[in-house]
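Values in this text are rule-based calculations from the coordinates and carry no lab data. These figures come from a predicted structure and were not determined experimentally. Here the Cβ positions follow ideal geometry from the backbone for every residue, glycine too, while neighbour counts run over all protein chains shown.
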Amino acid sequence: MTTSREIAQLCGVSVATVSRVFNQPSTVSRQTRERVERVARELDYRPNESARALASKRSTLLGLVWDTDHRRPGWRHPFLQDLLLGLKSALSAHGYHLLMLATSGAEAGSANLPAVGASLADPVAYVNMTRRHHLGGLILIDSGSDAAAFAAFAQSGIPCVALDVAIEGPRATYVTSDNTGGAEQAVRHLIARGHRRIATITGPPDNQPAIDRLAGYRRAMAEAGLPVPEDYVAEGDFYRASGQAAMRRLLALGEPPTAVFAAGDEMAVGALLAAREAGLRVPGDVALAGFDDIEIAALVDPALTTV
């Protein structure tokens, strides 16, 4: 691996000058900078990110903290794949890179990651890792019952941005969808179509977006004066198979729903498959509405109504 000392010798400059080319380019003449950059490209030289962070007091590495287990959506989920692609695109456009810091309990405990179980049991380990590797900040993705861990990150003083979960801290903020309002909109759409027996397929009970979408469903039903029988709330895990299983349970009820709001499009597709298995027409015999507006919603026949 090429070192900065070798680059310096080949270019006839000091190691400090090579460092300034990559960390403080405005302090080096254009001629010298171009010579160093050309040699670095030829030798595939890559500056050490931790060293650069120390020298420039600005890191281009951000940590992604996301702990999942079998009950929660993981890397295979289309919505989260789109989310990660969006993160990568936005960060790359600004010269940043993403480092994965947390995985599921089944995959954790490697030489590079603290061991975690079904939740982030030791957020201090991740905070220390962030500081040890001089990361510029953390991106936190809600994984369910990790509110205490997320609060610890937010209060650590490290810049944090959480997705789909509210956090408060000196250098923390969050971005979230209007999960409650979106669910209300979907259910109101079904009510406007004349449906009164409307069920829902929810996400995991400890997942914040799932909690908010269930609240939106209940609010829309209450506003319309419609009852919500206990067995009209069927739990899923945001994946297609769980939506299919939940829809089978709903259709097997003595008084099955005429419409179903699925808290995720993947589950809505599963519900569509279950309806077809039962010989039902969608939306003729049973109506469906989803959430997320992922690509597959427009590809199935009939196309899903989704928010």
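With the cut-off at 1.5 for a/c, could you classify the stretch 179-306 from its C-alpha gyration tensor as rounded, prolate or oblate?
Note, shape of the stretch 179-306 comes out rounded.
Residues with beta-carbon under 10 Å from that of residue 14, excluding residue 14: net charge, scoring Lys, Arg +1 and Asp, Glu -1?
+2
For residue 60 and residue 82, compute 0.36 nm times the residue count separating them, minus their Cα-Cα distance, and round to one decimal in nm.
So the chain would gain 5.7 nm between residue 60 and residue 82.
If contacts are Cα pairs under 8 angstrom and at least 6 residues apart, what is the relative contact order of the stretch 178-226 in percent?
54
Kindly rank 34-45, 183-194 from highest to lowest mean number of other beta carbons found within 10 Å of each residue.
Per-residue Cβ counts within 10 Å, averaged per peptide and sorted highest first, yield 183-194, 34-45.
Which of 97, 195 comes first, and how do the rest follow, when ranked by fewest Cβ neighbours within 10 Å?
97, 195
Give me the number: length gained by fully extending residue 27 to residue 276, i.e. 0.36 nm times residue separation minus the C-alpha to C-alpha distance, one decimal in nm.
82.9 nm
If you build the Cα gyration tensor of the stretch 4-47 and take the root of 5 times each eigenvalue, what three semi-axes come out, in whole angstrom, biggest first?
Equivalent ellipsoid of the stretch 4-47: 14, 10, 10 Å, largest first.
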